[in-house]
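Shown next, in structure tokens, is the structure this report addresses.
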Amino acid sequence: MNQATLNIACLQVAALSFDKAKLDYYLAIAKSKRCQVLVLGEYVINLFFKELEKTPFSLIKEQTKHQKEILKKLASGYNITIIAPVVTVEKDQIKKVIMRFSAQSAHSYEQQFLINYKHWNEEKFFDNPIAPLTAPMIFTVGRIRCAVMYGFETHFDPLWQEVRNKKIDVVIVPTASTFDSKPRWRELLKTRAFLNSTYVLRVNRVGSYHDKKVQWIFYGDSFLADPAGNIVTALGNKEEMMIASIDKEMAFQARRNWGFQTALLKREHHD
């Protein structure tokens with residue numbers, strides 16, 4: 001494969017629980033399509049947030065440990081990088097992290113901005129620290145510079161400044177979007193892609209959760225937005241897998257042609 005291109009498999013599924021067979025099935029397809037990265041949506045490895053609120057920490061810890069072992073083995077067996085949002089429990093602290101499993105190692109990134117709404121208050125539930133901001137998860141595959149951030153984090157400008165500074169070619173965004181937010185997410189991430197001269201790959205989950213008053217429907221719509229802000233390819237609202245192709249040259253040309261970062265650096269230098 002040309003080192004200036006990258007195929008990423010986007011697995012749009014509901015909660016996987018302990019289903020190694022399903023991951024195995026999709027990874028085999030991804031490998032046959034010459035993918036080097038596979039991405040899972042948010043709250044796929046673990047239960048959905050509203051379910052976690054009612055689950056003993058000991059059970060969450062056991063489930064996560066089992067799932068991480070599976071993901072490590074699969075990443076090594078298929079020689080493919082797996083990106084998976086995970087809920088971890090360590091020393092009585094529960095945190096939201098993104099894990100990156102490769103054939104050689106595993107790395108994690110703690111979510112920095114958490115939802116804090118009355119009906120969905122992750123900031124109150126999780127123990128992720130409120131601390132000075134750092135860069136999102138960044139890694140390189142071949143010549144492709146990749147960054148990963150949670151969906152909620154894409155609302156905040158400082159993380160995108162890191163994307164511009166590091167000349168990121170694709171930003172991977174795992175989400176668990178629900179209700180009537182589909183048009184909003186499309187417009188937000190298309191705009192972020194254009195303004196930051198990068199691909200944005202959104203991987204949303206499907207399935208549903210029912211509480212006493214509300215039905216939470218996760219509608220899918222995983223998609224790839226290119227550096228011009230166009231939707232290149234997208235999935236529907238069912239379990240599917242999409243192969244997204246990232247072209248470094250297209251991101252490079254967008255940065256050169258629009259020059260947003262260059263204009264910003266000139267102003268900073270002048271000040």
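Every listed requirement among (1) over 25 Å from N237 (Cβ atoms); (2) part of a helix (DSSP H, G or I) is met by R145 save one, (2).
Taking the criterion of being part of a loop (DSSP other than H, G, I, E, B) and closer than 20 Å to V214 by Cβ, the residues of region 47-56 that qualify are L47, F48, E53, K54, T55. Does A4 satisfy being without any contact (Cβ under 8 Å) to a residue 40 or more places away in the chain, surrounded by fewer than 19 Cβ atoms within 10 Å (Cβ to Cβ) and farther than 26 Å from T178 by Cβ? Judged against the criteria, A4 is not a match. Does at least one position in region 74-85 carry a residue that is farther than 19 Å from S17 by Cβ, in a strand (DSSP E or B) and over 16 Å from the mean Cα position of the chain (by Cα)? Taking every residue of region 74-85 in turn, none turns out to be farther than 19 Å from S17 by Cβ, in a strand (DSSP E or B) and over 16 Å from the mean Cα position of the chain (by Cα). The strands (runs of 3 or more DSSP E) found entirely in region 151-244 that carry 2 or more residues being under 15 Å from the mean Cα position of the chain (by Cα) are 170-175, 199-204, 223-225.
Is it the case, given these coordinates, that D247 is among the acidic types (D, E) and surrounded by 14 or more Cβ atoms within 10 Å (Cβ to Cβ)?
Numbers: among the acidic types (D, E): yes; surrounded by 14 or more Cβ atoms within 10 Å (Cβ to Cβ): yes.
Yes; evaluated as a whole, the condition is true for this residue.
Name the single residue that is farthest from I172 (Cα to Cα) among those in region 91-103 being more than 20 Å from the chain's Cα centre (by Cα) and touching a residue at least 12 places away in the same chain (Cβ under 8 Å). Lay out the reasoning, then the answer.
Residues of region 91-103 that are more than 20 Å from the chain's Cα centre (by Cα), as a first pass: 91-93.
Cutting the leftovers down to touching a residue at least 12 places away in the same chain (Cβ under 8 Å) gives us 92-93.
On the way: D92: 30, Q93: 26 Å.
Top of the filtered list is D92.
Under the condition of being surrounded by fewer than 19 Cβ atoms within 10 Å (Cβ to Cβ), closer than 17 Å to K167 by Cα and among the small types (G, A, S), the residues counted in region 189-234 number 2. Pairs linking a residue in region 217-246 that is more than 23 Å from L6 (Cα to Cα) to a residue that is charged (D, E, K, R), with Cβ atoms under 6 Å and 6 or more positions apart or on different chains, are F218/R205; Y219/K182. If you go through region 93-103 one residue at a time, do you hit one that is over 27 Å from R202 (Cβ atoms), of a type in the set (V, I, T) and not in a loop (DSSP other than H, G, I, E, B)? No; the residues of region 93-103 include none that is over 27 Å from R202 (Cβ atoms), of a type in the set (V, I, T) and not in a loop (DSSP other than H, G, I, E, B). In the set (1) at pLDDT below 95; (2) buried (at least 23 other Cβ atoms within 10 Å of the Cβ), C10 fails one condition alone, (1).
The residues in region 14-44 that are out of contact with any helix residue (DSSP H, G or I) (no Cβ under 7 Å at 6 or more places or on another chain), crowded, with 17+ Cβ neighbours inside 10 Å and of a type in the set (A, V, I, L, M, F, W, C) can be counted, and the count is 8.
Confirm whether D169 is of a type in the set (D, E) and surrounded by fewer than 24 Cβ atoms within 10 Å (Cβ to Cβ). Outline the logic, then answer.
Working: of a type in the set (D, E): yes; surrounded by fewer than 24 Cβ atoms within 10 Å (Cβ to Cβ): no.
So D169 fails the test.
Residues that are small (G, A, S) and under 30 Å from A28 (Cα atoms) were ranked within region 245-270; the one that is nearest to the chain's Cα centre (by Cα) is S245. Taking the condition surrounded by 19 or more Cβ atoms within 10 Å (Cβ to Cβ), at pLDDT 95 or above and either within 15 Å of K96 (Cα to Cα) or of a type in the set (A, V, I, L, M) (or both), does L47 pass? Here the answer is no, as L47 does not meet what is asked.
Being touching an Asp or Glu at 6+ places or on another chain (Cβ under 8 Å), at positive phi and among the small types (G, A, S) is a description that does not apply to G229.
The values are calculated or read from the model by the stated rules, or taken from the named source; none is laboratory data. These numbers come from a predicted model, not from an experiment. Cβ sites come from the backbone with ideal geometry, for glycine too, and all protein chains shown count toward neighbours.
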